[in-house]
Amino acid sequence: PRGLAQAERVGERLAGEHFDAMYASILTRTQQTAAPLAARNGKNVTIVADLREIFLGMGEGGQFRVMSEEDHPAVQAVRANKEWGELPGAESNLELTERVVGALEQIHADHKNQTVAVFCHGGVIGAAVGHALQVNAFRMSGARNGSITELVRTPTDWIIRSFNDASHIGSLFTDDDIG
């Protein structure tokens, strides 16, 4: 219920904005977050597989949180080296960034001079912002659930207008909502 309420607040926050298109990842939670805004704007949400969250290998299915709580050596290596690929079977930072940037570049090519909303995940946001800043994607991970990050893709550059703005979420935010 908290996630659905957060989605409503995202929709309310962005209700006055114009979007030429809307995108979400293959995971249901991003589609549920997009739904209130899509309904307000009368837009369909296009699903893009490459907007999915980072693949965590042995940490998939909630196991990364369990491993974190247990201070698993693989999690220690991830944190020490700031590299998702330290988890056996996981995507590396480079693989994540290449996948995400490729998806966003395709969206940009399909919508030149247009505004789009992309509903995705903390790791995906981290990869996009890390790419724009030319820093390690791991360092930019951890966006709050329902937060808004605004990136502008010009013909020659990526510009960050805002990052991780969750002011509209208010009391519906907890530390469990990071990621």
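The values are calculated or read from the model by the stated rules, or taken from the named source; none is laboratory data. The model shown is predicted, which means the values in this text are computed figures rather than measured ones. Here Cβ is always computed from backbone atoms with ideal geometry, including for glycine, and neighbour counts include all displayed protein chains. Side chains are part of the model used for accessible areas, which takes the heavy atoms of the whole protein and leaves out ligands, DNA and RNA. Shrake-Rupley method; radii C 1.70, N 1.55, O 1.52, S 1.80 Å.
Key figures for this structure:
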read-out: Share of carbon and sulfur in the accessible heavy-atom surface of the chain [1.4 Å probe, %]; value: 49
read-out: Charge tally in the Cβ shell below 11 Å around S92, where Lys, Arg are +1 and Asp, Glu are -1, S92 excluded; value: -4
read-out: Within the chain: Cβ-based charge dipole about Cα centre, in debye rounded to nearest 20 (Lys, Arg +1; Asp, Glu -1); value: 480
read-out: Antiparallel bridge percentage (DSSP; both residues within the chain; nearest 5); value: 45
read-out: Estimated distance in nm for a label pair at V152 and Q63, the labels positioned 7 Å out from Cα along Cα-to-Cβ; value: 4.4
read-out: Ellipsoid equivalent to region 13-123 - semi-axes via the Cα gyration tensor, in Å; value: 32, 16, 10
